[in-house]
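Worksheet: one structure, shown below.
Every number in this text was worked out from the coordinates using simple rules, so none of it is lab data. Since the model is a prediction, treat every value here as computed from it, not as a measurement. Positions of Cβ are backbone-derived with ideal geometry, glycine not excepted, and every protein chain shown enters the neighbour counts.
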Amino acid sequence: MPQRTATLVPHPRGTSGSPPGPSEFTPLLRVVKNRGLLERRHGWYARTIAVNALALAGLVTAVILSGDTWLTLLLAPLLAVFSARTAFIGHDAGHAQITGDKATSRVIGLVHGNLLLGMSYSWWNHKHNRHHANPNHIDKDPDVAADVLVFTGEQAKLRTGFRRWLTRRQAWLFFPLTLLEGIALKIQGFRDLRRQAPGERAVEGALLVTHVAAYATLLLTVMSPGKALAFAAIHQALFGLHLGMSFAPNHKGMEMPDPDGESWGHLRRQVLTSRNIRGGALTDWFLGGLNYQVEHHLFPSMPRPHLRLAQPLVRAHCRDLGIPYTETGLVDSYRQALKHMHDVGEPLRTDH
């Protein structure tokens, strides 16, 4: 079970029965600001971006030098790992963690998202910002909207045909489905071009096409079509799996605000719907800092290396207010998320 640093309160409201006010968050924000934890870490990000760029360049060079051999496919998993690092940098740029300058953040996001990964920076930001504003809110968070997966019994009841079959088995299918996420992100990026303004569409579209052309040219120039297809399949599947493993623990199985009820204050809305993952430096690196999901949601623009420094402050503040602060191990986080999806599909299995 997840480790909680505060006793679970019966209802996420103040003791008077009225909705919690902004004052719950204000003292914490003041402390965090006074500690300088919202200040940018330009040097840290410059090193991170440079190391990641060198790693990607080294892997591309290794692919070229390895040539048309099945051994080249051994480089695909490494490329998937550093593709995920690239996505984390784009994520941080979208939250203005790297720099407060919007134009510079957009350039960093376009390079790491559109050009290097073939996924739209604008699409991701548009979707992700709505998630941050209302995490786990069934009507407002696109991450819990009924799609391939569903997250509430009400959503499950509406499933028919093949989607009903999927929902009955969604806990078992979750990780296999993430193998398709790398391709799905690229498709979503191209589809989102219709939403974008003409100028934005031209830039984003050109970079997405450049990525696809460069990626295909690299593989087909170095390898035979069969090996190139196998390399791409391994790379994209493991990239999607890595992202799925990084995002799955964060909110699935956590509190879901009542769409018809009174809204929670910022502190409770973010803390009660988020789950942290315990671990050390390797966990921080593997999950791109998303293991500090509570702190990230409370302070989206906080630089990644400061999240672990903010954690004791947030945990103590939640303890003082009697607000549950959820933290668990990585494996147990997957168990909790999968159990939630399994429970959602239970009525459909019994009716089958």
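At a Förster distance of 56 Å, what's the computed FRET efficiency of His42 paired with Arg169, Cβ-Cβ distance as r, to 0.05?
Step by step, r from the Cβ atoms, then E = 0.75.
So for the chain, averaging the separation of alpha carbon pairs under 8 Å that are six or more residues apart and normalising by length, what relative contact order in percent results?
The normalised contact order for the chain reaches 30 percent.
First check a/c for the stretch 60-166, with a ≥ b ≥ c the square roots of the eigenvalues of its C-alpha gyration tensor; if it is under 1.5, answer rounded, and if not, answer prolate when a/b is larger than b/c or oblate otherwise.
Oblate.
Put a dot 7 Å past each Cα toward the Cβ at Ala197 and Lys127; how far apart are the dots in nm?
Placing both labels 7 Å beyond Cα along the Cβ direction yields 2.3 nm.
Kindly identify the stretch 291-352 as rounded, prolate or oblate by the Cα gyration tensor criterion: order the square roots of the eigenvalues as a ≥ b ≥ c, call it rounded if a/c is under 1.5, otherwise compare a/b with b/c, prolate if a/b is larger, else oblate.
Judged from the Cα gyration tensor, the stretch 291-352 comes out prolate (a/c at least 1.5, a/b above b/c).
Can you tally the net charge around Leu313? Count Lys and Arg as +1, Asp and Glu as -1, for every other residue whose Cβ sits under 10 Å from the Cβ of Leu313.
+1
Please sort 50-56, 105-111 by packing, taking for each peptide the average over its residues of neighbouring beta carbons within 10 angstrom, highest first.
Highest to lowest by the protection proxy: 105-111, 50-56.
Which entries in the list Lys127/Lys186; Lys102/Lys127; Lys127/Lys227; Lys140/Lys252; Lys157/Lys186 go over 23 Å, if you measure between the two C-alpha atoms of each?
Exceeds cut-off: Lys127/Lys227; Lys157/Lys186.
Obtain the radius of gyration and the Kirkwood radius of the stretch 219-350 from its C-alpha atoms and give Rg over Rh.
Computed over Cα atoms, the ratio is 1.10.
Would the stretch 178-280 count as rounded, prolate or oblate if I go by the C-alpha gyration tensor, calling it rounded below 1.5 in a/c and otherwise prolate when a/b exceeds b/c, oblate otherwise?
It is oblate, given that a/c is not under 1.5 and a/b is not larger than b/c.
Relative contact order of the stretch 78-184, please, whole-number percent, based on alpha carbon pairs below 8 angstrom and at least 6 residues apart.
Result for the stretch 78-184 is 13 percent.
For Ala213 and Asp147, what is the calculated FRET efficiency with R₀ set at 22 Å and r taken between the beta-carbons, to the nearest 0.05?
0.15
Among His137, His251, His42, which comes first, second and so on when ranked by fewest other beta-carbon atoms within 10 Å?
Ranking His137, His251, His42 by Cβ neighbours within 10 Å, fewest first, gives His42, His137, His251.
Please work out the FRET efficiency for the pair Ser66 and Arg35, using the Cβ-Cβ distance as r and a Förster radius of 30 Å; give the result to the nearest 0.05.
FRET efficiency, Ser66 to Arg35: 0.05.
Looking only at Ala248, Ala46, Ala228, which one moves most when the chain is put into a Gaussian network model with springs between Cα atoms under 10 Å?
Of the options given, Ala46 has the highest mean-square fluctuation.
Output the relative contact order of the stretch 248-295, whole-number percent, from Cα pairs under 8 angstrom with separation of 6+ residues.
41 percent
Out of [x] -0.59; [y] -0.66; [z] -0.54, which label holds the value of log10 I(q)/I(0) by the Debye sum over Cα atoms at q = 0.09 Å⁻¹ that was computed here?
Here the calculated entry is [z].
Per DSSP H run of n ≥ 4, the term is -39500 (n - 2.57); total these for the chain, divide by its residue number, and report the mean residue ellipticity at 222 nm rounded to 500 deg cm²/dmol.
It comes out at -19500 deg cm²/dmol, rounded to the nearest 500.
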